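To start, the structure under review is shown below, and the notes come after it.
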Amino acid sequence: GLGVSRQALTPPDIAAREWVMARMADAGLARRRMDGIGTVYGEGGDPSAPSLLMGSHTDSQPEGGWLDGALGVVYALEAARVLHEAGAPGAWSVIDFQDEEGRYNTLTGSRVFARHLPPPLEEMADGRARAGLSAAPVLY
């Protein structure tokens, strides 16, 4: 087949991120947000405890593999659901990094998360505006 096309900041990418945020709520992640470049975070468990970070990305190359990256996010959501339902001690977080496949810059979301080599902000702001999102990136 032709695969899936969910390039960063396109309508399919934004729809996938909105779907992930809804599934985060279903998985018991009480604190959810999307940062200024579109990376999605969900946090569960004890907010004062160190957190186990799980996830990947849902964006894709044009006609990319439909499970590339997305499977890591889905597995992380399932792990978070199990931890929540078991009343596990500690904290856990699920992340869906933005633009890991390089529409604006390779590994954009994880680089911003690590505070290393920010993306071309003007291009990303334009992409956010075209996607109907706030055009003012908030990196940290």
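Counted as membrane-span-like here are DSSP H helices of the chain whose alpha-carbon atoms extend 27 Å or more along the helix's own axis and whose Kyte-Doolittle mean is 1.6 or above; there are none. Scalar couplings 3J(HN,Hα) for segment 95-109, obtained by applying the Karplus form with A = 6.51, B = -1.76, C = 1.60 to θ = phi - 60°, are 10, 10, 5, 8, 6, 6, 8, x, 5, 9, 6, 4, 6, 4, x Hz; x denotes Gly and Pro. Against the set (i) 0.95; (ii) 0.98; (iii) 1.21, the structure's computed Rg/Rh (Cα atoms, Kirkwood Rh) falls on (ii).
The antiparallel fraction among DSSP beta bridges confined to the chain stands at about 65%.
Tell me the carbon and sulfur percent of the accessible area for the chain, rounded to whole percent, probe radius 1.4 Å. Summing carbon and sulfur atoms, their accessible area is 58 percent of the total for the chain.
Rolling a 1.4 angstrom probe over the protein heavy atoms with all chains in place gives the chain an accessible area of 51 Å² per residue. Here the contact order of the chain, divided by its residue count and restricted to Cα pairs under 8 Å and six or more residues apart, works out to 28 percent. Rounded, prolate or oblate: which fits segment 47-107 when a ≥ b ≥ c are the square roots of the eigenvalues of the alpha-carbon gyration tensor, with rounded for a/c under 1.5 and prolate only if a/b beats b/c? Oblate shape, in that a/c is at least 1.5 and b/c is the bigger or equal ratio.
Which listed residue (38, 60, 80) has the Cα farthest towards the positive end of the charge dipole for segment 31-81, taking +1 on Lys and Arg C-beta and -1 on Asp and Glu C-beta about the Cα centre? Farthest towards the positive pole: 80. Residue ranges 54-67, 97-110, 10-23 sort as 97-110, 54-67, 10-23 when ordered by packing (mean number of other C-beta atoms within 10 Å per residue, highest first). Note on residue 71 and residue 5: the model spin-label points, each 7 Å out from Cα along the C-beta direction, lie 2.4 nm apart.
The values are calculated or read from the model by the stated rules, or taken from the named source; none is laboratory data. None of these values were measured; they are calculated from a predicted model. Positions of Cβ are generated from backbone atoms using ideal geometry, with glycine treated the same way; all protein chains shown enter the neighbour counts. Side chains are part of the model used for accessible areas, which takes the heavy atoms of the whole protein and leaves out ligands, DNA and RNA. Shrake-Rupley method; radii C 1.70, N 1.55, O 1.52, S 1.80 Å.
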